[in-house]
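The values are calculated or read from the model by the stated rules, or taken from the named source; none is laboratory data. These numbers were taken from a predicted model, which means no experiment stands behind them. Positions of Cβ are backbone-derived with ideal geometry, glycine not excepted, and every protein chain shown enters the neighbour counts.
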Amino acid sequence: MFRISQYMRELAAAGATGAYPTVRPRPQKGPQGPVVIWNLIRRCNLTCKHCYALSADHDYAGELTREEVFTVMGDLRAYGVPVLILSGGEPLMRPDIFDIAARARDMGFYTGLSTNGTLIDTPLADRIAAMGFDYVGISLDGLRATHDRFRRLEGAFDRSLQALKLLRDRGVKVGMRFTMTAMNAHDLPALLALMREERIDKFYFSHLNYAGRGNIHRGKDAQFQATRAALTLLFERAWEAAQAGLPEEYVTGNNDADGPFLLQWVQANLPQWAPALAERLAAWGGNASGLNVANIDNLGQVHPDTMWWHHTLGNVRERPFSAIWSDTSDPLMAGLKQQPRPVQGRCAQCHYLPLCGGNTRVRAQQLTGDAWAEDPGCYLEDEEIGAVAAPGSAPHGPRQRITIPIREPIHA
């Protein structure tokens, strides 16, 4: 996850004080495990076009029992896992979801809930608020017509938006989750306006990754120019919010070129702070799959992240998560943990490699069969990253250099 607002607030503070803020690392007690996104159930009441889990509205055999989940949670806590994101399918369709959430909360995990929101009515909103989730993310893939088409359910938009309002009014920290493709990119500005109008805390922008139905529909992925325009819009919104002291959060996921692209934006608009930001981005390090983010699916299988369901590292019924995650005998896991990663092509030549970590490896694997090939989803041009095209090959992306559009000068 790339936290745009975090960096924009640091830049705003630098402009106000004349010095880039020093960020001290948090003291750690014991081991520090990864953030775990846990797909507790595969069943879902929707069949979304971009679902990585290929979920449907029926039961799936062999899912972890509540007692097995509790056992795994004990190992996760001992291993230093700080965050559990409870997901699905639709996690609210799991009868014991609140038992699991209560155990997670009582064990000290930061506990999030990832839901489509269509099942949340007033009584369920009351229960979610009483549970004390640290965060609830609800997906909106566009305005009404677009969202309902993505979710394949008429009325889905109204139900999800109502869920956001119900939880917001009960003091729950909520966020919109948006996965951009060529089919919904046009709705992004209106969704951002809706976020501010409805006083929603957070906006999570996800690039389409090639997994599940997202892999099936990868031909609809947004083109690079649209991606750059969308990221520029997010940067401007986050910068505006940071300067105004608004409590809005803008984050992105599934394309770690966003870090270098932000650095370019700062070089163009706040150049005095670019070196300090570059250091912060290098400390961030980019893609966290296999490092600082992990996935457990509904059957207990462990994956480097949620987009790697076709690659299993082990099963928590057979070995503890801590043992699976520490094991580098799997070549993919060894490569993901290697610094720098053994990337090839233009990724190996890229001078931003320390910032993005080689980006999202699953796209390369899905398209070429090689997890270490250059990432086909990187929207930066060869000239921007310092790469040299191989003899006889076409340059990456559009031939013309894309200028980052800025509507008006931005001052610190």
- Pairs returned, first residue in segment 283-294 that is without any contact (Cβ under 8 Å) to a residue 60 or more places away in the chain, second residue that is charged (D, E, K, R), beta-carbon separation under 6 angstrom, 6 or more apart or interchain, are 290/337
- Message: One residue is enough: does segment 97-114 have a residue meeting the conditions farther than 30 Å from residue 245 by Cβ, aliphatic (A, V, I, L, M), in contact (Cβ under 8 Å) with a residue 60 or more places away in the chain and buried (at least 18 other Cβ atoms within 10 Å of the Cβ)?
- Response: yes
- Task: Report yes if some residue within segment 41-58 is under 19 Å from residue 302 (Cβ atoms), of a type outside the set (Phe, Trp, Tyr), at pLDDT 95 or above and in contact with a helix residue (DSSP H, G or I) (Cβ under 8 Å, 6 or more places away or on another chain); otherwise report no.
- Result: yes
- residue 306: passes all of (1) surrounded by fewer than 16 Cβ atoms within 10 Å (Cβ to Cβ); (2) out of contact with any Lys or Arg (no Cβ under 8 Å at 6 or more places or on another chain); (3) farther than 26 Å from residue 383 by Cα but (1)
- Message: Let me confirm something: among 277, 291, 233, 262, which residue is farther than 23 Å from residue 372 by Cβ and either surrounded by fewer than 21 Cβ atoms within 10 Å (Cβ to Cβ) or among the small types (Gly, Ala, Ser) (or both)?
- Response: 233
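Among the residues of segment 248-264, are any over 22 Å from the mean Cα position of the chain (by Cα), of a type outside the set (Asp, Glu) and under 30 Å from residue 21 (Cα atoms)? Talk me through it step by step, then tell me what you get.
Filtering segment 248-264 for residues over 22 Å from the mean Cα position of the chain (by Cα) gives none.
Among the residues of segment 248-264, not one is over 22 Å from the mean Cα position of the chain (by Cα), of a type outside the set (Asp, Glu) and under 30 Å from residue 21 (Cα atoms), which makes the answer no.
In segment 317-364, which residues are among the hydroxyl-bearing types (Ser, Thr, Tyr), outside the structural domain of residue 306 (by TED's automatic domain parsing) and more than 19 Å from the chain's Cα centre (by Cα)? Working first, answer last.
Filtering segment 317-364 for residues among the hydroxyl-bearing types (Ser, Thr, Tyr) gives 322, 326, 328-329, 352, 360.
Now drop any that are not outside the structural domain of residue 306 (by TED's automatic domain parsing), which leaves 352, 360.
Hit for segment 317-364 is 352, nothing else.
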- Message: Among the residues of segment 197-228, what is the count of those that are part of a helix (DSSP H, G or I) and either at pLDDT below 95 or aromatic (Phe, Trp, Tyr) (or both)?
- Response: 12
- Message: Restricting to segment 127-146, name every residue that is buried (at least 23 other Cβ atoms within 10 Å of the Cβ) and modelled with pLDDT under 95.
- Response: 139, 140, 141, 142
- Message: What pairs come out if I take residues in segment 317-335 that are among the acidic types (Asp, Glu) and pair them with residues that are surrounded by 14 or more Cβ atoms within 10 Å (Cβ to Cβ) and outside any helix (DSSP H, G or I) whose C-beta lies under 7 Å away, six or more apart or interchain?
- Response: 330/313
- Task: Please specify each residue of segment 162-193 satisfying the condition of being touching a residue at least 40 places away in the same chain (Cβ under 8 Å), hydrophobic (A, V, I, L, M, F, W, C) and within 28 Å of residue 244 (Cβ to Cβ).
- Result: 163, 164, 166, 167, 172, 180, 185, 188, 190, 191, 192
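Could you grab me the full set of residues in segment 117-163 that are out of contact with any Asp or Glu (no Cβ under 6 Å at 6 or more places or on another chain), part of a helix (DSSP H, G or I) and of a type in the set (Asp, Glu)?
As a first pass, look at segment 117-163 and keep what is out of contact with any Asp or Glu (no Cβ under 6 Å at 6 or more places or on another chain): 117-141, 144-145, 149, 151-153, 155, 158-163.
Adding the requirement that they be part of a helix (DSSP H, G or I) leaves 122-131, 144-145, 149, 151, 158-163.
If the condition is that a residue be out of contact with any Asp or Glu (no Cβ under 6 Å at 6 or more places or on another chain), part of a helix (DSSP H, G or I) and of a type in the set (Asp, Glu), then 126, 158 are the ones that fit.
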- Members of segment 160-186 found to be over 28 Å from residue 377 (Cβ atoms) and either of a type in the set (Asp, Glu) or surrounded by fewer than 19 Cβ atoms within 10 Å (Cβ to Cβ) (or both), listed by number: 162, 165, 168, 169, 170, 171, 173
- Message: Taking the criterion of being modelled with pLDDT of 95 or more and either among the hydroxyl-bearing types (Ser, Thr, Tyr) or not assigned by TED's automatic domain parsing to the domain that holds residue 130 (or both), would at least one residue in segment 79-95 satisfy it?
- Response: yes
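Give me a count of the residues in segment 365-412 that are among the polar types (S, T, N, Q), surrounded by fewer than 15 Cβ atoms within 10 Å (Cβ to Cβ) and either assigned by TED's automatic domain parsing to the domain that holds residue 333 or modelled with pLDDT of 50 or more (or both).
Within segment 365-412, the subset among the polar types (S, T, N, Q) is 365-366, 368, 393, 400, 403.
Pick out the ones that are also surrounded by fewer than 15 Cβ atoms within 10 Å (Cβ to Cβ) and you get 368, 393, 400, 403.
If we keep only those that are either assigned by TED's automatic domain parsing to the domain that holds residue 333 or modelled with pLDDT of 50 or more (or both) as well, we get 368.
Here the count works out to 1.
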- Task: Go through (1) in contact with a Gly (Cβ under 9 Å, 6 or more places away or on another chain); (2) surrounded by 19 or more Cβ atoms within 10 Å (Cβ to Cβ); (3) at pLDDT 95 or above; (4) assigned by TED's automatic domain parsing to the domain that holds residue 96 and name the single condition residue 299 misses.
- Result: (2)
